[in-house]
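Below is one structure, written out as structure tokens, with a few remarks after it.
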Amino acid sequence: MNETVGYCGQTDGGGDCVKGHLGAWGGAATRNLQTCLSKCNDCVRCSYISFSKEWSDCSWYSACDMTLTEIPGQRPGAGRAFTTYRVKDAAAPPAGKACRRHLDLPMRRETLQPTCMSGLDQAQPVVVVTSTSTWSWAEADELGFAGTVLEKPLGAPVWVYHEHSFDLERGRTSPQAIPRAPSHRHDVCLIDLFSVMPIAPLVVADTSCIDAFYRIAGTHEPIEYSIKTPGAKLLFRSVAALYHAAVTLPRGSALLWADWDAVPIQPLTSHFWDFVRSYDVTYVPYVDVPHVPGIIWRADRMGGKARRPSIRLKELTDPEWRVWTPVIGFSPNARSRALLEAMLAHYDGDGAWVTRRCLCEGGSVHRLPCATEWFGENLYFDPQYAWSLHLHWAAHSPPHRALVGLRQGWFGADNHRKHGGAGNLYYAADDCLLYRYINFQAACPAAAPHISQFDIFEYFDHIRFDGNATLDSRKGPFGSRYSHWSSAKLPDWPELKLPDSSHGGWMHSRIAERNKSLALGQPLPALEAELSGCSSKIPTPKWW
């Protein structure tokens with residue numbers, strides 16, 4: 001039995017001895033080494049233990065590539081109080097489930113039941129699209145749609161995609177509860193998303209590639225940290241709604257996605273729509289400044305607080321930006337539809353395939369940008385990361401094969417100067433921010449030719465961070481009730497059960513470790529090499 005100073009990694013109790021990769025035991029096992037070893041021998045997935053009497057810890061692991069001697073927040077070398085023992089070989093994890101594609105992409109206009117087309121300006125139709133669930137529509141209706149995209153008219157038709165047929169089939173609503181447009185809002189048209197888009201298998205089928213992704217990627221995402229539900233099964237529906245609208249609208253149209261909680265300030269002007277039509281896709285980029293690698297805070301002070309550095313977003317090839325998703329514009333054409341098709345395919349197999357390729361396979365991945373900063377840090381299924389991944393991939397060389405020639409524009413955003421530069425003492429008055437109190441720096445209006453002259457906050461406000469708990473509780477499928485912050489509110493729905501994936505860690509860190517091993521001619525990190533998800537059968541992308 002080999003032993004090494006240090007511990008294999010942080011654990012969080014229990015663990016699954018049939019399918020899991022790590023865990024910890026309490027009681028006598030934390031006080032007695034022989035009891036801890038005995039526990040490991042009885043656990044078929046246990047190969048290593050890290051034991052410390054001082055820390056009352058008996059942790060187990062199916063694989064251990066290296067030991068750590070530092071414990072975050074503790075005295076230097078605190079991890080040396082642990083000893084790691086290789087006890088035995090762990091049993092192989094269960095074979096990964098196969099996933100398969102459920103969408104026949106690309107879809108043709110005649111198969112998608114075009115709706116809501118009557119009354120549109122056939123010369124230059126413009127449409128705002130949003131989506132919501134049956135229950136969130138009912139809650140918003142009771143309050144006159146305050147705090148939603150329907151609070152005020154936008155000067156353009158609004159297509160609302162709802163989920164009544166899906167909820168009805170599962171006994172979660174009644175036939176009488178079907179959403180209906182307010183009687184005074186002739187600009188609002190409702191579309192049942194699951195009736196016009198064949199996406200139900202991605203949500204409920206046990207062959208869904210969304211589940212395959214989580215089996216490989218684990219349950220860590222930068223926004224949710226440790227997610228409680230496979231959020232992609234809810235959030236990809238916005239992409240499906242956009243795809244339906246983009247395919248059914250004629251060329252020359254303009255299309256705008258607006259989150260259910262993107263509250264209108266004024267009607268959208270011809271100036272606004274002309275800018276949207278100038279590009280295939282238009283969006284708001286931002287940088288979460290404290291998380292940008294390599295940044296050193298400047299020493300100057302402002303209001304007695306440390307000053308954050310200014311980041312002037314100007315270039316599409318800047319690797320740090322991500323997409324702020326409440327508002328995204330499109331010109332429905334072959335290039336924008338290819339982007340939306342690539343996004344749907346990402347959830348229908350491509351994302352799981354790319355993740356397995358980057359994490360699990362020891363062969364060359366020179367045709368994938370696995371090692372680049374913008375790729376690994378966006379290889380997640382939350383939509384803001386999925387959008388960021390594909391839009392970066394289109395802007396960098398070589399581009400994603402399906403996204404060659406995509407024209408990208410940026411909405412300028414400055415919620416900071418909108419309030420006179422007040423309210424956030426971490427920044428200078430001329431810094432452009434998404435929110436007054438949150439460290440998201442945006443692209444300043446007119447800072448570059450592809451950035452709008454106007455400020456997106458002239459047209460929309462976003463209540464996600466305004467602290468209004470009443471409004472926050474009414475958000476549709478994007479609401480706090482699905483967040484890890486409010487797990488007690490999670491509905492007990494079968495499709496919202498996470499697949500077994502007790503491993504974790506940030507994707508970019510795990511990819512970096514894999515690339516380091518390959519560069520040194522070493523085998524893949526043991527944890528990645530033996531993940532059950534890595535043995536899943538996943539269809540190869542069409543563009544590969």
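Does the range 147-197 come out rounded, prolate or oblate by the C-alpha gyration tensor, with a ≥ b ≥ c the root eigenvalues, rounded set by a/c under 1.5 and, if not, prolate when a/b is larger than b/c and oblate if not? Prolate shape, in that a/c is at least 1.5 and a/b is the bigger ratio.
Per-residue Karplus couplings for the range 535-544, computed as 6.51 cos²θ - 1.76 cosθ + 1.60 with θ equal to phi - 60°, are listed in order as 8, 5, 7, 10, x, 6, x, 5, 7, 6 Hz, Gly and Pro entered as x.
Between amide H atoms placed 1.01 Å from N, distances below 5 Å from residue 460 occur with 265, all of them 5 or more places distant or on a separate chain.
Go through 209, 194, 182 and say which Cα lies farthest out towards the positive end of the charge dipole of the range 172-240; charges sit on Cβ, +1 for Lys and Arg, -1 for Asp and Glu. Of 209, 194, 182, it is 182. Sequentially through the range 190-199, phi angles give Karplus couplings (6.51, -1.76, 1.60; θ = phi - 60°) of 9, 10, 7, 4, 6, 7, 9, 10, x, 9 Hz, Gly and Pro residues having no value and appearing as x.
Taking label positions 7 Å along the Cα-Cβ direction at both residue 98 and residue 251, the computed distance is 4.0 nm, reported to one decimal.
Sort 316-327, 378-389 by the packing proxy (mean of other Cβ within 10 Å over each peptide's residues), most packed first.
Ranking, from highest mean packing down: 378-389, 316-327.
Extension gain for residue 122 to residue 169 (0.36 nm times residue separation, less C-alpha to C-alpha distance): 13.3 nm. When each of the peptides 206-213, 440-447 is scored by how many other beta carbons lie within 10 Å of its residues on average, the order from highest to lowest is 206-213, 440-447. In order along the range 329-339, the phi-based Karplus estimate (6.51 cos²θ - 1.76 cosθ + 1.60, θ = phi - 60°) of 3J(HN,Hα) comes to x, 9, 9, x, 8, 4, 6, 5, 5, 5, 5 Hz; Gly and Pro are listed as x. As a rough footprinting exposure proxy, the listed residues 537, 88 were ranked by other beta carbons within 10 Å of their own, and the order from fewest upward is 537, 88.
Which shape class applies to the range 75-144: rounded if a/c is under 1.5, otherwise prolate when a/b exceeds b/c and oblate if not, where a ≥ b ≥ c are the square roots of the Cα gyration tensor eigenvalues?
Details: a/c = 3.63, a/b = 2.16, b/c = 1.68.
Here the range 75-144 falls in the prolate category.
Annotation for residue 105 and residue 88: the two label points, set 7 Å from Cα along the Cα-Cβ direction, are 4.5 nm apart. If the limit is 19 Å between Cα atoms, which of 97/542; 19/39; 233/542; 39/97; 497/537; 97/497 go over it? In this structure, 97/542; 233/542; 39/97; 497/537 lie more than 19 Å apart at Cα.
For residue 68, the residues whose modelled amide H falls within less than 5 Å of its own, excluding neighbours fewer than 5 places apart on the same chain, are 7, 8.
Report the paramagnetic label zone for residue 184: residues of the range 152-173 whose backbone N is under 13 Å from a point 7 Å from Cα along the Cα-to-Cβ axis. Answer for this model: 152-153. Under 5 Å between amide hydrogens, built in the peptide plane, is the criterion, and for residue 192 it picks out 162 among residues at least 5 positions away or on other chains. Using the Cα coordinates of the range 3-86, the gyration tensor eigenvalues translate into equivalent-ellipsoid semi-axes of 19, 13, 11 Å, sorted from longest to shortest.
Every read-out reported here was derived from the displayed coordinates using simple, explicitly stated rules and does not represent laboratory data. Remember, predicted model here, so these are calculated numbers, not experimental data. Glycine also receives a Cβ, built like all others from the backbone with ideal geometry; neighbour counts cover every protein chain displayed.
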